[in-house]
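Participant: What follows is a single structure, and I will ask about it in a moment.
The values are calculated or read from the model by the stated rules, or taken from the named source; none is laboratory data. On a predicted model such as this, the values are computed, not experimentally measured, just so you know. Cβ placement follows ideal geometry from the backbone for every residue including glycine, while neighbour counts extend to all protein chains displayed.
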Amino acid sequence: MAKIQAIKGFADLFADESRLFTFLEQSARAVFSRYGFTELRTPLMEFTDLFCRSIGTETDVVQKEMYTILDSKGRSMSLRPEATAGVMRAYVENNVGARESVSKFFTTGPMFRHERPQKGRMRQFHQINCECVGPKEPEADAEMIGMLMVFLETVGIKNITLQLNTLGCAECRPSYRTLLHDWLTQLDREVLCDDCKRRMETNPLRVLDCKNPKCQEATQGAPLMMEHSCGECKDHFAVVKKSLEGQNIAFEINHRLVRGLDYYTRTAFEVVSANIGAQGSIAGGGRYDGLVSSIGGASVPGIGFACGMERLVLLLQESENTKLEAPQSDFYVIALDDSCRASAFSVTQDLRREGLSGSMAFETRSIKSAMRQADKSGARFALLIGSTELEANSVMIKNMESGAQEAVLCANAAVFIREGK
Ligand code: HAM
């Protein structure tokens, strides 16, 4: 019969990779809790309308990349392509803003985007995501970016660049958008890629961060948001930069950084690595002062970021410094004949209850093949139970390294192993 395969772009994560994912999650939890973040787990699926209203109907994510189904009542639902929209929906729906003026949420888990899979780009991928809802002050931006950089340093990610831009606000962006649109219409349309021909009308800012070299060359002299932002946006950005400098955080200004989601206002940032190929953006985020109101909440500002876990794992795997050893197994229990299996099983369970880790050979095999398995399991001790041991209520414990063996009462086995005799 034909084998059933995983869906393209959806991966199985076996122990070596899973260990790195767990390491990243645990490190994130430890770092973020120092800044007052608490964990929020939101559903993997939401009404499609949430993503249309927050991420924006003109974005690639909403237009081409969502996994959408209709339920039996004809309601459209989508697997989450990112975490921010769901976190804001939970914030509004649970009226969190009425109880606290600043809310800090940390979320981790799988996201789904129907993109073309390649190294570092999956259809099911995982994010570590943080949101801070409430403060409009620029120090909140600097705190968020600073925390991201501390996290990346903590887990050992090196040789990265923080890129920064300001995207303006509801006051200044519309006139800049018109200015940019008019500037773009003067170009020979044929020099732009098909996506940019469309974006020019729907979201001209996105033309600036097209990765196609021809589009980049054609838009060299385009007017810059930073030069056309209002006084308040300029002041905000100046404080963000100063606060980052105050934390000794190096950054580059990237006038082309626009981000692929429409909810951003003012500060936008990305952390980029040159070491993992084309998909070098390992984290991205920004301020979103109009997002909460766009999904029916009050006018509450916010800022956040997400890291791509698969991309962090690729970097960790390439780094010599991150070798996470598999946890060592303490014991391997072998019943020498079928009459000893029940006793071997209860010894195994008792040792685990005592906090030791190990397994039992379920099949009764020749002692030679059982010992080979004990060796393969990496256990420090093999425990053999035959009829002599059964009668004496004991086990024969063999030190796998030295080869020394000793009969030990079952009741004393845990202490013997723990003391590493
Ligand atoms: P994003 O830039 O779309 O932002 O994604 C954040 C990160 O997720 C990227 O920098 C990348 O590392 C990773 N990522 C995105 N798509 C894929 C993929 N197909 N495969 C593997 N990794 C991927 C957001 O999602 C925003 N919600 C971030 C944010 C939070 N903004 C404010 N708060």
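Participant: In the list Ala15, Ala2, which residue meets the criterion of being without any contact (Cβ under 8 Å) to a residue 40 or more places away in the chain, more than 16 Å from the ligand (Cβ to nearest atom) and of a type in the set (A, V, I, L, M, F, W, C)?
Facilitator: Just a single option satisfies the conditions, and that option is Ala2.
Participant: Then there is this: Criterion first (surrounded by fewer than 18 Cβ atoms within 10 Å (Cβ to Cβ) and either within 16 Å of the ligand (Cβ to nearest atom) or modelled with pLDDT under 95 (or both)) does Gln317 satisfy it?
Facilitator: In short, yes.
Participant: Going through the stretch 143-201 one residue at a time, which ones are in contact with a strand residue (DSSP E or B) (Cβ under 9 Å, 6 or more places away or on another chain) and in a helix (DSSP H, G or I)?
Facilitator: Glu143, Met144, Ile145, Met147, Leu148, Met149, Phe151, Leu152, Arg173
Participant: Among the residues in the stretch 303-315, are any of a type in the set (D, E, K, R), under 30 Å from Ser101 (Cα atoms) and in the same structural domain as Phe23 (by TED's automatic domain parsing)?
Facilitator: No - not one qualifying residue is present in the stretch 303-315.
Participant: For the stretch 330-339, what are the residues that are over 11 Å from Ala361 (Cβ atoms) and either touching a strand residue (DSSP E or B) at 6+ places or on another chain (Cβ under 9 Å) or part of a loop (DSSP other than H, G, I, E, B) (or both)?
Facilitator: Asp330, Phe331, Asp337 - these are the residues of the stretch 330-339 that are over 11 Å from Ala361 (Cβ atoms) and either touching a strand residue (DSSP E or B) at 6+ places or on another chain (Cβ under 9 Å) or part of a loop (DSSP other than H, G, I, E, B) (or both).
Participant: Also, I was wondering about something else. Could you look through the stretch 261-286, keep only residues that are within 14 Å of Thr166 (Cα to Cα) and of a type in the set (Gly, Ala, Ser), and pick out the one that is farthest from the ligand (Cβ to nearest atom)?
Facilitator: Per the criteria, the residue is Ala268.
A quick yes/no check of all residues on (1) more than 15 Å from the ligand (Cβ to nearest atom); (2) free of Cβ contacts under 8 Å to residues at least 60 places away in the same chain; (3) of a type in the set (D, E, K, R):
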| position | (1), (2), (3) |
| --- | --- |
| Ser78 | no, yes, no |
| Thr84 | no, no, no |
| Tyr91 | no, no, no |
| Val96 | yes, yes, no |
| Ser101 | yes, yes, no |
| Gly109 | no, no, no |
| Arg116 | no, yes, yes |
| Met122 | no, no, no |
| Met147 | no, no, no |
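Participant: Being surrounded by fewer than 13 Cβ atoms within 10 Å (Cβ to Cβ), within 16 Å of the ligand (Cβ to nearest atom) and in contact (Cβ under 8 Å) with a residue 24 or more places away in the chain is the requirement here; does Glu310 meet it?
Facilitator: For Glu310, the condition - surrounded by fewer than 13 Cβ atoms within 10 Å (Cβ to Cβ), within 16 Å of the ligand (Cβ to nearest atom) and in contact (Cβ under 8 Å) with a residue 24 or more places away in the chain - is not met.
Participant: In the stretch 287-301, how many are more than 23 Å from the chain's Cα centre (by Cα) and either within 8 Å of the ligand (Cβ to nearest atom) or not assigned by TED's automatic domain parsing to the domain that holds Lys119 (or both)?
Facilitator: Qualifying residue count, the stretch 287-301: 0.
Participant: Continuing with this model, one more query. For the stretch 390-408, check the following and say yes or no: at least one residue is part of a helix (DSSP H, G or I) and surrounded by 15 or more Cβ atoms within 10 Å (Cβ to Cβ).
Facilitator: Among the residues of the stretch 390-408, at least one is part of a helix (DSSP H, G or I) and surrounded by 15 or more Cβ atoms within 10 Å (Cβ to Cβ), which makes the answer yes.
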